[in-house]
1. Helix 178-192 against the longest principal axis of the chain: what's the angle in degrees, Cα atoms only, rounded to the nearest 10?
2. Just how many % of Cα pairs in region 110-201 lie over 21 Å apart, if you round to the nearest whole percent?
3. Taking the Cα centre of region 102-199 as the origin, how large is its charge dipole in debye, to the nearest 20, when only Lys and Arg (+1) and Asp and Glu (-1) carry charge on their Cβ atoms?
4. Of ILE270, SER254, CYS298, which is farthest along the charge dipole of region 250-306 in the positive direction, counting Lys and Arg as +1 and Asp and Glu as -1 at C-beta?
5. Which order do peptides 233-240, 103-110 fall in by mean Cβ count within 10 Å, highest first?
6. With everything on Cα atoms, drop me the angle between helix 117-133 and the longest principal axis of the chain, reported from 0 to 90° to the nearest 10.
7. Between 0 and 90 degrees, rounded to the nearest ten: what's the tilt of helix 214-226 against the longest Cα principal axis of the chain?
8. Considering only DSSP beta bridges with both partners in the chain, what is the antiparallel share in %, to the nearest 5?
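Values in this text are rule-based calculations from the coordinates and carry no lab data. Just so it is clear, the model here is predicted, and its values are computed rather than measured. Note that each Cβ is placed from the backbone with ideal geometry, even for glycine, and that neighbours are counted across all protein chains shown.
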Amino acid sequence: MTLKLDPWGHFAIESYEKLFSQFGIQPIDNNILSMLPQKHRFFSRKIIFGHRDFDKWLKAYKNGEKVAVLTGLMPSGHVHLGHLMVFEELRFYQEIGVHVSVAIADAEAYAVRRIPRKKLMEYAREYIMYAYAIGLDPKKTRIYFQTNSDTPYYRLIQMFSRKVSMAEMEAIYGELEPSKIVAAFTQVADILHLQLPEYGGYKWVLVPVGADQDPHLRLTRDIADRFENELGLKRPASTYHKFIRGLDGNKMSSSKPEYAIFLSDDEETIRSKVMKALTGGRATAEEQRKYGGEPWKCTVYDLYMYYLFEKEEDLETLYRDCLKGLILCGEDKRRAAKMLIEMIKEIQEKAREFKDVIEDYVEFPRF
Ligand code: TRP
């Protein structure tokens, strides 16, 4: 069966491996790992598992060329652990001196997710606050709203639409509606506009995203090729991360709040959510001791892998102890809850510092 990635779908991707063979996404291999200027657990644990042209981008970085990172977020709900990953990835690049831009996809969220403008602005404020709280430097990070962009950006959308056929669009996305077509071209403009002299002329742009966004990157790469002569555009590079699962084992999403951990959750809420999480444990403690657990099924293990354990050996020990039945889910959950509460409290404290200064750094649309 051929796999279709739906950037607007709500489903977890079942097999990340298939993305290599079906779409030509390259695996993050040892060669890439050795080219990274700094280590990060997202790479070493293959949470960021695939890429397109990341090797070329890393080479450009190493050679001191003008490089940038750009990603976008739909302000479609409260900020949860899935978003936190993206902020942390951006911080990683900012710390190694790369220019970071973030698109707030308010045009897309309005048109495709049908979220009212007022809500969008509230959510956006929350996103930006937490982005700063986890360490993106407000002075160095360029955060912009899609609907607040100016002429050269919007001109790109008009120009791009001329060189793509409906058949091509449908081959990439499946069935489409006007709102999605406009959202797709808008995202292409997000990704490519940094290359224009008006926006800094960054020719080496890396787009770190969830694997569901790859259709947009395929469209963007085709369009870049077609405008190579006219606008001097180059293909962007991209990396793909796996999503942290919700506590029910499906994609973490604000539409299922009982299974998502929000950065705004209080202590009690976090604890009770974690205690109810789906694990790879057996029906009884006795069976667990006898047969061992199945950590790959466990959403609490995900919490350790994505966030709670920095050291590889801690993660390995947990995996082994779980497999051997040496550790039971109850105690493991209590520890995870405690660590998570600490981590989130710290982020919340930082967030308070930024709550009232967001508009000093980011221009909000006025309509
Ligand atoms: N479509 C993305 C999402 O669903 C958001 C987005 C908009 C984006 N513009 C972008 C992502 C540019 C990467 C690059 O979340």
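1. 90 degrees
2. On the way: 1954 of 4186 pairs.
Taking all Cα-Cα pairs of region 110-201, the fraction more than 21 Å apart is 47 percent.
3. Values: 13 positive and 12 negative charges, 59 e Å.
My answer is approximately 280 debye.
4. Selected residue: CYS298.
5. Numbers: 233-240: 23.5, 103-110: 25.0.
Listed from highest to lowest mean packing, they are 103-110, 233-240.
6. The angle comes out at about 70 degrees.
7. 20 degrees
8. Details: 8 of 27 bridges.
Given both bridge residues lie in the chain, the antiparallel proportion sits at roughly 30 percent.
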